[in-house]
Amino acid sequence: MTQDINLGGTIYISSKRAAEITGYSQDYIGQLARAGQIEARRVAGLWYVLEESLLQHKHKADEFVPTPPIRVS
């Protein structure tokens, strides 16, 4: 199957290519897509994602710094 697909004038990349770009696993890309956290379409059983949506998600995830809970006495 191809690495890119044009759906309604929008170019989507395959989950395999998305995994190569981000370092995420293809399974994780699928989880993000199913959860609606990235813009994606399922075509012939394969996930195709909007690259910009994926990169925005990755940037936001990379910037996240967890804060420890505040202990209440």
Exercise. Give me the pairs, please: first residue somewhere in the range 22-40 and touching a residue at least 24 places away in the same chain (Cβ under 8 Å), second residue anywhere and not basic (Lys, Arg), beta-carbon distance under 6 Å, and either six or more positions apart or on two chains.
Key: ILE29/SER15; ILE29/ALA18; ILE29/ALA19; LEU32/ILE38; ALA40/ALA33; ALA40/TRP47; ALA40/VAL49
Exercise. Would you mind telling me which numbered condition in (1) open to solvent by 60 Å² or more (accessible area, probe 1.4 Å); (2) modelled with pLDDT of 90 or more; (3) of a type outside the set (Lys, Arg) TYR24 fails?
Key: (1)
Exercise. Starting from residues that are open to solvent by less than 60 Å² (accessible area, probe 1.4 Å) and farther than 9 Å from TYR12 by Cβ, keep the ones in the range 37-46 and report whichever is modelled with the lowest pLDDT.
Key: GLY45
Quiz item: Can you name every residue in the range 59-73 that is part of a loop (DSSP other than H, G, I, E, B) and open to solvent by less than 100 Å² (accessible area, probe 1.4 Å)?
Solution: PRO66
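The values are calculated or read from the model by the stated rules, or taken from the named source; none is laboratory data. Note that this is a predicted model, so its numbers are computed, not measured. Cβ sites come from the backbone with ideal geometry, for glycine too, and all protein chains shown count toward neighbours. Side chains included, ligands, DNA and RNA excluded: accessible areas come from the protein's heavy atoms. Shrake-Rupley method; radii C 1.70, N 1.55, O 1.52, S 1.80 Å.
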